[in-house]
Amino acid sequence: MDISEIIIPGDTPGIEWRVPVLRFKGSEPKSPKTYIQAALHANELPGTALLHFLCEKLREAERAGRIAGDITIVPQANPIGAAQSHFGELQGRFDLGSRTNFNRDFPLISLGDRDELIEDLDGHPSTDRLKRQLMHMALGADLVLDLHCDDESLQYAYIDEAFWPEASDLVSALAMDAVLLSDGESSAFEEAIGFAWKYEVPGEKRARLPGKLSVTVELRGRRDVYPEMARRDAEGLWRFLAARGIVRDAGVSLGAFSGPAVPLDNIEMIRSPESGALLFHRNIGERVAEGDLLATIVTRPGLADGGIEIRAPQAGLIVTRVSDRLVRRRADLMKIACDQPSKGLRKAGTLED
């Protein structure tokens, strides 16, 4: 295993950030190259735990000569966000300086312009330097996995329709509960990678990208950081790498994915109509019917008419819910994966900021 660091100079005197990069050299040049990162949202740590145990397996495989394709791993991709706490609470999702999401505003470029990402880096603030260097590394691979998690959540993935259903082997290997098929219209990390591949020839969009994969994996919720879970997830990712011929393991077999795979237009984003105390009646993983009671918002405690009921707009699977119990007006409460499109209007791109 080769260990190196990306050094990101700070925007104020006396500060710099270091990003560890772990590389495993494959023995077969024609095997797919893989890039995996975790904790781009610095407060989302299930992926970091997964990669800790995966690297243990990869070191063993390296000693046994069982790594066929190059593997690059960035287990903590965002030291800038990891250092940003507000009144003792780690933020991690939004940069406190620029107020931008660490997983938004990645450059939308053609693959041929990859090297321009790291030219004249001194002209960019530290957050943009980080994004450009992560993206430059990822575009040298064929398979790109960005490991995240949600708030309270099932295990699921955002996968561009250009990679589906080929990517069902990853979904099966990690025993995911659902797939949300994205439209590739955002500037999030995994979609910026897909954009560069789709527009490898500028102005000519490729609808399918066989042999490629760029995906956001949501490893359950933010508090689901336990050794047994991380080891199980690492085993799942190992099975995926074996199935794609990146590591050698003849004993690996994958079953079929049987969960829902729905476009983002079929996701019901359940939002709070008023602020108040949140009482959930249904949990993640439950299937609900149209009209089922999902939650109550206690807007005026103690009064006869002090609660507002929130009901399911259509049938579906509850994929996520918020961990906060005091919510603001229009706060996101749940994602429900449904068979039919939502009647709510959705802009192209991500479901949330």
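The values are calculated or read from the model by the stated rules, or taken from the named source; none is laboratory data. Bear in mind that the values here come from a model prediction, so they are computed numbers and not experimental data. Here the Cβ is made from the backbone with ideal geometry for all residues, glycine too, and neighbour counts use every protein chain on show.
So that you can scan it fast, the table gives a plain yes or no per residue for (1) acidic (Asp, Glu); (2) in the same structural domain as ALA38 (by TED's automatic domain parsing); (3) in contact with a helix residue (DSSP H, G or I) (Cβ under 8 Å, 6 or more places away or on another chain); (4) crowded, with 22+ Cβ neighbours inside 10 Å:
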| site | (1), (2), (3), (4) |
| --- | --- |
| LEU147 | no, yes, yes, yes |
| ASP150 | yes, yes, no, yes |
| ALA157 | no, yes, yes, yes |
| TRP164 | no, yes, no, no |
| ALA167 | no, yes, no, yes |
| VAL171 | no, yes, no, yes |
| ALA175 | no, yes, yes, no |
| VAL179 | no, yes, yes, yes |
### Message
Restricting to region 181-193, give me the number of residues that are assigned to a strand (DSSP E or B) and surrounded by 24 or more Cβ atoms within 10 Å (Cβ to Cβ).
### Response
1
### Query
For region 112-135, how many residues are of a type outside the set (A, V, I, L, M, F, W, C), under 13 Å from ILE8 (Cβ atoms) and in contact with a helix residue (DSSP H, G or I) (Cβ under 9 Å, 6 or more places away or on another chain)?
9
### Task
For region 215-258, name all the residues that are crowded, with 22+ Cβ neighbours inside 10 Å and among the hydroxyl-bearing types (Ser, Thr, Tyr).
THR216
### Task
Considering every residue within region 92-110, establish whether at least one is assigned to a helix (DSSP H, G or I) and either modelled with pLDDT of 95 or more or buried (at least 18 other Cβ atoms within 10 Å of the Cβ) (or both).
no
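Within region 45-53, is there a residue that is in a loop (DSSP other than H, G, I, E, B), surrounded by fewer than 18 Cβ atoms within 10 Å (Cβ to Cβ) and at pLDDT 95 or above? Working first, answer last.
Step one: filter region 45-53 for residues in a loop (DSSP other than H, G, I, E, B), giving 45.
Adding the requirement that they be surrounded by fewer than 18 Cβ atoms within 10 Å (Cβ to Cβ) leaves none.
There is no residue in region 45-53 that is in a loop (DSSP other than H, G, I, E, B), surrounded by fewer than 18 Cβ atoms within 10 Å (Cβ to Cβ) and at pLDDT 95 or above.
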### Query
Only one of (1) touching a helix residue (DSSP H, G or I) at 6+ places or on another chain (Cβ under 8 Å); (2) free of Cβ contacts under 8 Å to residues at least 40 places away in the same chain fails for GLN340. Which number is that?
(2)
